[in-house]
Amino acid sequence: MNPCQFKISFAFPCTFRLLFCVLLFFSCVYPVLEVQAGSMDLDRSRILEFKDALNKNDQKRIEILSSRLRKIGGNWPSRLNFVAGRYHLRERSDFQAAVIHLEKAVESYPLLGDHALFLLSEAYAGIDFHDKAIESLERLINGYPKSPLIQDAMILKAKEHLKIYEPHEAILTVEPLLGNSYTPRENLIRFLMIRSMLDLGQSDRAIPYLKNIYIESPDTPESEEALEMLIALGANSFTFDQRLRRANVLRRQKKFERAERIYQALLKKSPKNPILLKALGKSLFGARKYDKAASVFQKTDSAETSFMETRALYRSGKQQEFMTRLRSAEQRYPELKPRFYNLQLVIALDLRRKGRYEEAGAKLVSLLHDYPSKKRQTLWAIGWNHYARRNFKKAAGVFEKLAGGDAANYPREVYWQARSLERVGLPEQSIELLKLLSKKSPHSFYGYLASCMLPEQPVRLSRWIPPPAPDSKNFRRITELRILGMDEEARLDLPGLAGQVNGIGEALYLGYLAVELGDYRRAIRMAAPLARINPFFDHLAYPRGFWELIEETARRERIEPHLVAAIIREESRFDPKAYSRAGAMGLMQLMPKTAQRIESSAQVDLSREDDLFMPEKNIPLGSHYLGRLVRQFEGNLVFAIAAYNGGENAVRRWINRTGDIPMDEFIEEIPYTETRNYVKKVLKSYMEYNRLWGLTPPNLSVILRSGEPRKF
């Protein structure tokens, strides 16, 4: 039985009744929702009309609108003062006019009092009333201690203290904000403290801060500025330990060559330093210079470096040296036995991939005896060794032993038990297991595989109904910000709301707000676990962020938009500022070198690396790269997705090694654990996007075609 037309089946007898009740509930509240949404939309349109009159400086129209809106009552008089004050401050730099309006808003608009005070402090600063600005900020800090503006208020207050030559007060204001990280914001705080210290003539206090910024934030504007200030102070010399710290930071950032140069320079002064040798070995290993890494690790004498030397020898392909060192290390450092299990398992898996099934099986049986705590992991490898050898009866027996013992791996074990039974010639038993899997784990990767092999027609639920706004004071403030068109400020309120939601209804609406405000990462983090028990969280767990841009670029690259969305979801959770430890950047987690290689053919101009944090550049580049991979692998999405994560050359090697096997088997045979899991996650997300947002049922059989895996 080959994978067939993909279907989704809700087969629990009570599920239909549950869904009917939930849909009935939403059909009852939907008219209320329309009234609420309509009211907010009407208020937003009124605010936009008022802003337009301000922008055109149409005094007559401003007076007419103000008079009409004030008559409505409620928050309208306060809203108008707030909007007018904010407009005069931000758009016109008319600080006097801003002060007049914002002073009124501060007194009459407690719902947004913190925002009014912050704006008022900026207006006072604009007319050099620095004492008044500080006073407004202190009112904000003391009167609104839970405001998301607290940190910004303290930073601005410190700047105002510096303007009136109060550096000591500036230090006292921002010092409590300082943590142990070296983000741009924390470095801004450090620079405020440094300037305050220099104003006080305390350069000896400032220099350690400058050195720490230079060491911990390499290749950033802050690091360059810190070095310039150190040179000016005549303090740009660094100790051995400080240089080692900077090299370690570079290594953690995957900048191995630069880290290696520092390590080598330090080794000239301390050639036998074990900490330095260990760090250099790690850098060489990260740069895939395995021979050199092994020789460096050999110069040290510890359990950890012995283990790392063994790994490096294995990666270098020196099998005889590897086995000798492995036996020696296991005897000498018995405490490392659990870590050596993974190396032993890799040996067995490599034997299997080379077709040496007898040797692989013997190795796995010995691991089963030597590492009883790893029994489940070893049994899975034994079962897959039987399956790869086409001994399906034994494979089915092993998978049956495993099934049900571990909830996380249950879908995988049941699926391959079913596939083994099918290959043995027991289709009825296979179908029963697939039915069970599609019921218990319908939206897991293996649940989708199972569903596509079943003959029943799908029952699909894909309608998205925005949830009604709860009648709760928790949401009044964020609603008010949205009415005023202050979506960025509204986003700042989401973290505080997360701890105040009461019940499923409020949680659902909070997720909806996160999506509406573009905080997709928060929506996914909140909705994904709840979607397992409530299907109305599904759409929030799989949002269509940046959808217009995705559709446009996907159409141009001739790939499916939901595939691009699935890649973005798994790569960055739709966070444009995502930055991996390996240096991948932005929504589609592109490496700068890859982006620079394809920017010309993608017709995207990258003036600097940070451009990759811009969705309008990252998505076209990532989609172009993905589209190129799809075409390169003749439309085979499994190969293209694997190449997006693991590299094109690696996928070609795997194809040549495995030959024409079914795609579900190819996925299990991917040697890189990260890439294997990545392919499963992306395919699952792709299926979910199609289930929830697609117009037609997704066809998984096209992706996982058995007969011609290299064609699409």
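The values are calculated or read from the model by the stated rules, or taken from the named source; none is laboratory data. The structure displayed is predicted, hence computed values, not measured ones. When we count neighbours, we look across all protein chains shown, and the Cβ atoms used for this are built from the backbone with ideal geometry, even at glycine. Just the protein is used for accessible areas: all its heavy atoms, side chains included, with ligands, DNA and RNA removed. Shrake-Rupley method; radii C 1.70, N 1.55, O 1.52, S 1.80 Å.
When only residues in segment 477-506 that are closer than 21 Å to residue 534 by Cα and among the hydrophobic types (A, V, I, L, M, F, W, C) count, which is least open to solvent (accessible area, probe 1.4 Å)? Can you show your working first?
At the first step, the residues of segment 477-506 found to be closer than 21 Å to residue 534 by Cα are 497-506.
Checking the rest, the ones that are also among the hydrophobic types (A, V, I, L, M, F, W, C) come to 497-498, 501, 504.
Values: 497: 10, 498: 51, 501: 48, 504: 79 Å².
Here the residue is 497.
With the requirement that a residue be within 21 Å of residue 537 (Cα to Cα) and open to solvent by 10 Å² or more (accessible area, probe 1.4 Å), what does segment 660-693 give you? Before you say what the answer is, go through the steps one by one.
Taking segment 660-693 first, the residues within 21 Å of residue 537 (Cα to Cα) are 681-693.
Of everything in segment 660-693, those that are within 21 Å of residue 537 (Cα to Cα) and open to solvent by 10 Å² or more (accessible area, probe 1.4 Å) turn out to be 681, 684, 686, 690, 693.
Using the structure shown, decide if residue 262 is open to solvent by 30 Å² or more (accessible area, probe 1.4 Å), over 26 Å from residue 192 (Cα atoms), without any contact (Cβ under 8 Å) to a residue 60 or more places away in the chain and among the aliphatic types (A, V, I, L, M).
Values: open to solvent by 30 Å² or more (accessible area, probe 1.4 Å): yes; over 26 Å from residue 192 (Cα atoms): yes; without any contact (Cβ under 8 Å) to a residue 60 or more places away in the chain: yes; among the aliphatic types (A, V, I, L, M): yes.
So residue 262 passes the test.
Is there a residue being part of a helix (DSSP H, G or I), among the basic types (Lys, Arg) and more than 22 Å from residue 179 (Cα to Cα) anywhere in segment 252-272? So far as segment 252-272 goes, yes, one or more of its residues are part of a helix (DSSP H, G or I), among the basic types (Lys, Arg) and more than 22 Å from residue 179 (Cα to Cα). Within segment 592-613, the set of residues being open to solvent by less than 80 Å² (accessible area, probe 1.4 Å) and more than 23 Å from residue 255 (Cβ to Cβ) comprises 601, 602, 604.
Mind listing just one residue for me: the one in segment 199-213 that is surrounded by 16 or more Cβ atoms within 10 Å (Cβ to Cβ) and among the aliphatic types (A, V, I, L, M) and, of those, nearest to the chain's Cα centre (by Cα)? It comes out as 213. In the set (1) surrounded by 21 or more Cβ atoms within 10 Å (Cβ to Cβ); (2) modelled with pLDDT under 95, residue 589 fails one condition alone, (2). Using the structure shown, decide if residue 182 is buried (at least 16 other Cβ atoms within 10 Å of the Cβ) and more than 34 Å from the chain's Cα centre (by Cα). Answer is no for this residue. Among helices (runs of 4 or more DSSP H) entirely within segment 590-688, having at least 1 residues that are closer than 30 Å to residue 386 by Cβ singles out 637-646, 648-658, 663-669. You will find that of 262, 347, the residue that is out of contact with any Gly (no Cβ under 7 Å at 6 or more places or on another chain), farther than 23 Å from residue 366 by Cβ and of a type in the set (Val, Ile, Thr) is 262 and no other.
Out of 571, 552, I need the residue that is among the acidic types (Asp, Glu), under 19 Å from the mean Cα position of the chain (by Cα) and assigned to a helix (DSSP H, G or I). Which one?
571
Within segment 381-424, the residues that satisfy the criterion of being among the small types (Gly, Ala, Ser) and free of Cβ contacts under 8 Å to residues at least 24 places away in the same chain are 397, 403, 404, 407, 408.
May I ask you to list the residues in segment 564-579 that are open to solvent by 30 Å² or more (accessible area, probe 1.4 Å) and out of contact with any strand residue (DSSP E or B) (no Cβ under 8 Å at 6 or more places or on another chain)?
Correct list: 570, 571, 573, 575, 576, 577.
Taking the stated definitions as given, is residue 194 buried (at least 18 other Cβ atoms within 10 Å of the Cβ), under 30 Å from the mean Cα position of the chain (by Cα) and either modelled with pLDDT of 95 or more or in a helix (DSSP H, G or I) (or both)? In short, no.
For segment 618-630, the count of residues that are modelled with pLDDT under 95, touching a Leu at 6+ places or on another chain (Cβ under 8 Å) and farther than 18 Å from residue 675 by Cα is zero. Scanning segment 119-168 for residues that are open to solvent by less than 10 Å² (accessible area, probe 1.4 Å) and of a type in the set (S, T, N, Q) gives 121, 136.
For segment 321-328, indicate whether the set of residues that are among the acidic types (Asp, Glu) and more than 38 Å from the chain's Cα centre (by Cα) is non-empty. Walk me through how you get there before you give the answer.
Going through segment 321-328, the residues among the acidic types (Asp, Glu) turn out to be 321.
When the remaining residues are screened for being more than 38 Å from the chain's Cα centre (by Cα), the result is 321.
Scanning segment 321-328 turns up at least one residue that is among the acidic types (Asp, Glu) and more than 38 Å from the chain's Cα centre (by Cα).
Residues considered: 375, 394. Of these, the only one that is of a type outside the set (Ser, Thr, Tyr) and crowded, with 16+ Cβ neighbours inside 10 Å is 394. Of all the residues in segment 525-549, those that are in a loop (DSSP other than H, G, I, E, B) and open to solvent by 20 Å² or more (accessible area, probe 1.4 Å) number 5. The condition (being at pLDDT 95 or above, surrounded by fewer than 17 Cβ atoms within 10 Å (Cβ to Cβ) and not charged (D, E, K, R)) is satisfied by just one residue among 267, 230, 244, 284: 267.
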